[in-house]
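As structure tokens, the structure follows; a few thoughts come after it.
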Amino acid sequence: MSRTTALRLLLGSLLLVALGHGVALLPAAGSGDPAPLLSLRAGAGLLLLGTMGALVAVALLGASRDGRAPRVLLLPLGLAFLLVTGGVGTALLLPPTTADSSLWLGLPPGAALMIHGAGLLPLLVIPLAYAWSFPSLGMEPHEVADLLRRARHARESAPSAPGPADPDAAPDAAPDAAPGDVPGDVPGDVPRDVP
């Protein structure tokens with residue numbers, strides 16, 4: 001996937017986020033009533049899709065090299081998109097939890113979907129995806145040599161900085177310190193008695 005495509009995905013995702021805010025916050029058309037529950041859910045869905053699309057786009061941009069993201073990341077990032085969007089989206093559509101609701105893995109259904117489906121599964125998938133793609137993303141030996149050459153050149157051409165101060169030396173007094181001032185006092189303060 002090219003850098004341009006990832007940037008388009010990012011822009012489209014951010015537009016979805018803006019549209020989601022608009023749908024959720026605008027009152028119902030023609031009436032002064034607040035947005036109905038349907039538009040709140042639609043707004044939440046647009047926000048969810050936009051946020052997850054933006055995260056995938058930023059991950060692709062971060063993994064891109066020479067203007068292209070490795071294709072090997074498309075599957076795991078797409079899977080993470082589906083897991084998080086599906087987990088959070090399903091949790092948003094579930095009815096509110098009551099005292100009689102069943103528990104999934106010891107949690108109410110919405111919380112279980114959020115923690116396990118949208119949290120733990122992507123936590124396993126994303127690092128494995130990057131580990132899987134690492135051989136194709138690592139630097140080649142000639143790239144490492146070029147980087148070292150440029151670093152040496154930058155170090156040699158940088159102006160020399162003064163060496164570190166002697167840690168055992170006493171701190172210098174302020175230039176306009178009066179007798180009795182303790183080094184570090186604000187000049188012009190009333191002098192303290194030094195034992």
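Taking the criterion of being free of Cβ contacts under 8 Å to residues at least 60 places away in the same chain, out of contact with any Leu (no Cβ under 8 Å at 6 or more places or on another chain) and within 30 Å of Glu143 (Cα to Cα), would at least one residue in the stretch 59-66 satisfy it? There is at least one residue in the stretch 59-66 that is free of Cβ contacts under 8 Å to residues at least 60 places away in the same chain, out of contact with any Leu (no Cβ under 8 Å at 6 or more places or on another chain) and within 30 Å of Glu143 (Cα to Cα).
Looking at the stretch 71-84, which of its residues are surrounded by fewer than 18 Cβ atoms within 10 Å (Cβ to Cβ) and either of a type outside the set (Lys, Arg) or in contact with a strand residue (DSSP E or B) (Cβ under 7 Å, 6 or more places away or on another chain) (or both)?
Listed by number, the residues that qualify are Val72, Leu74, Leu75, Gly78, Leu79, Phe81, Leu82.
Filter the stretch 1-10 down to the residues that are loosely packed, with under 13 Cβ neighbours inside 10 Å and assigned to a helix (DSSP H, G or I), then identify the one that is modelled with the lowest pLDDT. So the residue we want is Thr4.
Counting residues in the stretch 110-117 that are under 21 Å from Ala129 (Cα atoms) and small (Gly, Ala, Ser) gives one or more. Among the residues making up the stretch 44-67, those that are surrounded by 15 or more Cβ atoms within 10 Å (Cβ to Cβ), out of contact with any Phe, Trp or Tyr (no Cβ under 9 Å at 6 or more places or on another chain) and not aliphatic (A, V, I, L, M) are Gly45, Gly50, Thr51, Ser64. Mind counting the residues in the stretch 5-19 that are in contact (Cβ under 8 Å) with a residue 12 or more places away in the chain and either under 10 Å from Leu61 (Cα atoms) or basic (Lys, Arg) (or both)? Total satisfying the criteria: 3. Hey, among the residues in the stretch 13-42 that are surrounded by 15 or more Cβ atoms within 10 Å (Cβ to Cβ), modelled with pLDDT of 85 or more and of a type in the set (Gly, Ala, Ser), which one's farthest from the chain's Cα centre (by Cα)? So, considering only residues that are surrounded by 15 or more Cβ atoms within 10 Å (Cβ to Cβ), modelled with pLDDT of 85 or more and of a type in the set (Gly, Ala, Ser), the one farthest from the chain's Cα centre (by Cα) is Gly20. Just so you know, in the stretch 82-116 the residues that are of a type in the set (Ser, Thr, Tyr) and in a loop (DSSP other than H, G, I, E, B) include one that is farthest from Gly43 (Cα to Cα), and it is Ser102.
The values are calculated or read from the model by the stated rules, or taken from the named source; none is laboratory data. Here the structure is a predicted model, which means the values were calculated and not measured. As a convention, Cβ positions derive from the backbone with ideal geometry for all residues, glycine included, and neighbour counts pool all protein chains shown.
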